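One structure is given here, and the rest of the page talks about it.
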Amino acid sequence: MLAEKIRQYISSRYLRFGEEEIWFGKERVLFYFAPHLAEEFSINRRIFGLKYCAACFLAGRTAGHAFVEKHGVPLKKILTPVVELSCTVLTAFGFGSFRTLKVREEGFMVVAGKSTLAKEIKQKMFSQKPVDFALAGVFAGALSCFSSEKFYAVETKCCAQKNVDECVWVAGTEKSILGHVNEFSPENLMWAKEFLAEVKTLEKEAGGAP
């Protein structure tokens, strides 16, 4: 399945291999090793705690917005197929496998999947909390291309956690996220509030978030 997705982009010439660089559309692509990324994340989280996780989210949100603006919107223009396209690209580039569970055009979505980073971390040690903060940011950033509102996302379940087989991200406004979590995953409500509070604190420290 992964090889087939990559072949589709190669056949369309959207993914191209130059002499020294790999291109996706008009942007260069850099591949990285999952074990190194997992080790880097684990060390930084251990040193900087939840603030580092919030920073990963904000960086991911900027990247998600830029990606959809450059690749998603010109190709699809409507939120639901753009989200599906984003999941396909993330899968093709080795970030994991992803599928949409719910998308509302006004700016809300629930995405499930198995993150490569989370699976790599789980091989060494179970994580008590979710780990895919940058991916959460990517999903929130995708929403921001379709509205002037500021969007957030929370990973409520993560396959880096013990006895969890699939990750789940909820993206939207703070109010819509907390409402969904309270209804469908109340055991994660305090976690969602804690993480969103840290993100908003970091936004203020940065003088406005990207």
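Determine if region 128-140 includes at least one residue that is in contact (Cβ under 8 Å) with a residue 24 or more places away in the chain, over 23 Å from Lys175 (Cα atoms) and hydrophobic (A, V, I, L, M, F, W, C).
no
Given the criterion modelled with pLDDT of 95 or more, assigned by TED's automatic domain parsing to the domain that holds Phe93, under 20 Å from Ala55 (Cα atoms) and assigned to a loop (DSSP other than H, G, I, E, B), identify the matching residue among Ala160, Ala140, Ala134, Ala171.
Just a single option satisfies the conditions, and that option is Ala160.
Go through region 86-141 and report how many residues are among the β-branched types (Val, Ile, Thr) and over 21 Å from Trp191 (Cβ atoms).
Here the count works out to 6.
Of everything in region 104-120 that's within 14 Å of Phe151 (Cα to Cα) and modelled with pLDDT of 95 or more, which residue is surrounded by the most Cβ atoms within 10 Å (Cβ to Cβ)?
By that ranking, first place goes to Met109.
When you check Val164 against the structure, is it crowded, with 19+ Cβ neighbours inside 10 Å and out of contact with any Pro (no Cβ under 8 Å at 6 or more places or on another chain), yes or no?
So Val164 fails the test.
Say whether the condition of being surrounded by fewer than 17 Cβ atoms within 10 Å (Cβ to Cβ) and over 25 Å from Lys175 (Cα atoms) is met by at least one residue in region 55-68.
The answer is no, given that none of the residues of region 55-68 is surrounded by fewer than 17 Cβ atoms within 10 Å (Cβ to Cβ) and over 25 Å from Lys175 (Cα atoms).
If the requirement is being more than 26 Å from Leu202 (Cβ to Cβ), in contact (Cβ under 8 Å) with a residue 60 or more places away in the chain and among the basic types (Lys, Arg), which of these qualifies: Lys124, Lys162, Lys114?
Lys124
Can you spot a residue in region 84-95 that is among the aliphatic types (A, V, I, L, M) and more than 19 Å from Val29 (Cα to Cα)?
no
Has region 44-59 got any residue that is under 30 Å from Ser11 (Cα atoms) and of a type outside the set (Gly, Ala, Ser)?
Scanning region 44-59 turns up no residue that is under 30 Å from Ser11 (Cα atoms) and of a type outside the set (Gly, Ala, Ser).
Can you confirm whether Ala153 is free of Cβ contacts under 8 Å to residues at least 60 places away in the same chain, in the same structural domain as Tyr52 (by TED's automatic domain parsing), in a strand (DSSP E or B) and not basic (Lys, Arg)?
No, not satisfied.
Which of the residues that make up region 14-72 are outside the structural domain of Val131 (by TED's automatic domain parsing) and acidic (Asp, Glu)?
Glu19, Glu20, Glu21, Glu27
Take the residues of region 69-88 that are touching a helix residue (DSSP H, G or I) at 6+ places or on another chain (Cβ under 7 Å) and β-branched (Val, Ile, Thr): which is surrounded by the most Cβ atoms within 10 Å (Cβ to Cβ)?
Val83
The values are calculated or read from the model by the stated rules, or taken from the named source; none is laboratory data. As the structure is a prediction and not an experimental result, all values here were calculated from the model. Positions of Cβ are generated from backbone atoms using ideal geometry, with glycine treated the same way; all protein chains shown enter the neighbour counts.
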